[in-house]
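Written below as structure tokens is the structure these notes are about.
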Amino acid sequence: SPRSPAGMLPVVAGLLLAVAAGGRRSAAAAGDQESPPGSRFVCTSLPLDAAGGDCPLPPVPMQGGALPPEEELKATVLQLRETVLQQKETIGSQREAIRELTGKLSRCESADGKSATGTWKKELAKGKDTMGDLPRDPAQVIDQLSRTMQTLKDRLESLEHQLRANVSYAALPNDLREMLQRRLGDLERQLLSKVAELEDEKSLLHNETSAHRQKTETALNALLERVSELEKGNSAFKSPDEFKVSLPLRTNYLYGKIKKTLPELYAFTVCLWLRSSASPGIGTPFSYAVPGQANEIVLIEWGNNPIELLINDKVAQLPLFISDGKWHHICITWTTRDGMWEAFQDGEKLGTGENLAPWHPIKPGGVLILGQEQDTVGGRFDATQAFVGEMSQFNIWDRVLKAEDIINIANCSTNMPGNIIPWVDNNVDVFGGATKWPVETCEERLLDL
């Protein structure tokens, strides 16, 4: 309903107050002056006739000449209302833009791990702000928004660059994964190869174990057969060296043979236990013949002659007396240096000499016979030179034994098998009626002396 001019005055006065305040703000922004800290605005109502001085009203278009005061005031009110609405819309759109940019910036910063709120505030702080409102000059608002947009664009480009860099770095784990897969493949192949080698070794070990088992079973069977023979009374050896060879007749076909042969020797010691049953002379306890020399080493007592040691057919007479039918321990040593020799009977040295085949090494590869003298290698025995009786513990060393060692062997305090020819059962064969029997103990042989 139409109102009187008097009723419109309060409304117009209030609008002028708002416009005046807006004008002061615009003037302060246009002057590019910051409000001092702690300052505040004072709003004062002005009469209508004083509005043209400090707060000029926007021109009102004139239609058809001068309007009545009531219509003029109505038009002014409408125009002011539209202005206020436009400013509200501008402020709202600017706030929405700032809110949108703030949201985008927050999302970018959450991806980058850095806070940009302070930066945005610093950027806005460069503009003119009063009491938290937007800058008062629209031109400055546009310039500030432009700078903010440029800053955001730069930051977005930086984020994109970092994102591209991260994408390029992300390719490395794939390469590393491929490299690790290749290495794992190589390790797997090596492992399979090692497993195959272990399987082969296992197979070989199984074969070797089978062969060893078979060999062991063969040895056990041989031992069982030997035990069976011992139980039947064919033989009663207490150990492989506890036996004797018996040569009961003076013939040219009854003898024992050592399977092993001698190497080249520059010294030797021969020891044996023997008991003779013949007279006169005990015959030949042992002989060693090589091609070209049948008397390489010979121990012989023939007829009424003393016991002789022949080396390379050279002779030395030994002061030994063993034809009483009792057990005696005999040891003979010799060295090629000056042909030195020694003779022991029952642990006592009874004689020594030199110049017996000096500097002559004992030739290897010959035949060693027990109980016969050889005229050729391994044969042509003479019955008159055969040994009749029993012998045991025939051992040969490749050195001259010390006197104390010989004494210990003779008195049964030590057992020293020969390092060249040891007295073991499987190293002695017998022929022509010669036999192997269990031998008396060493102590029993001592009692027989």
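For region 252-262, which positions are assigned to a loop (DSSP other than H, G, I, E, B) and either modelled with pLDDT of 95 or more or surrounded by 17 or more Cβ atoms within 10 Å (Cβ to Cβ) (or both)?
First pass over region 252-262, keeping only residues assigned to a loop (DSSP other than H, G, I, E, B): 252-254, 259-262.
The answer is Leu254, Leu262.
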(message) Quick check on region 411-438: of everything there that is within 57 Å of the chain's Cα centre (by Cα) and surrounded by 17 or more Cβ atoms within 10 Å (Cβ to Cβ), which residue is nearest to Tyr255 (Cα to Cα)?
(response) Val428
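Which residues, taken from region 359-396, are farther than 25 Å from Ala434 by Cβ, of a type outside the set (Val, Ile, Thr) and open to solvent by less than 50 Å² (accessible area, probe 1.4 Å)?
Narrowing region 359-396 to residues farther than 25 Å from Ala434 by Cβ: 359-364.
From what is left, the residues that are of a type outside the set (Val, Ile, Thr) are 359-361, 363-364.
Residues satisfying the conditions are His360, Pro361.
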(message) Cβ contacts < 7 Å: first residue closer than 9 Å to Arg250 by Cα and modelled with pLDDT under 95, restricted to region 365-393; second residue among the basic types (Lys, Arg) and part of a loop (DSSP other than H, G, I, E, B), any location; separation 6+ or different chain. Result?
(response) Ala383/Arg250; Ala386/Arg250; Val388/Arg250
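Matching residues to (1) at positive phi; (2) at pLDDT 75 or above:
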residue	(1), (2)
Thr218	no, yes
Glu229	no, no
Gly233	yes, no
Val270	no, yes
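The values are calculated or read from the model by the stated rules, or taken from the named source; none is laboratory data. The structure displayed is predicted, hence computed values, not measured ones. Reconstructed Cβ throughout: ideal geometry from the backbone, glycine too, with neighbour counts over all protein chains shown. Protein only, heavy atoms only, side chains kept; ligands, DNA and RNA dropped before computing areas. Shrake-Rupley method; radii C 1.70, N 1.55, O 1.52, S 1.80 Å.
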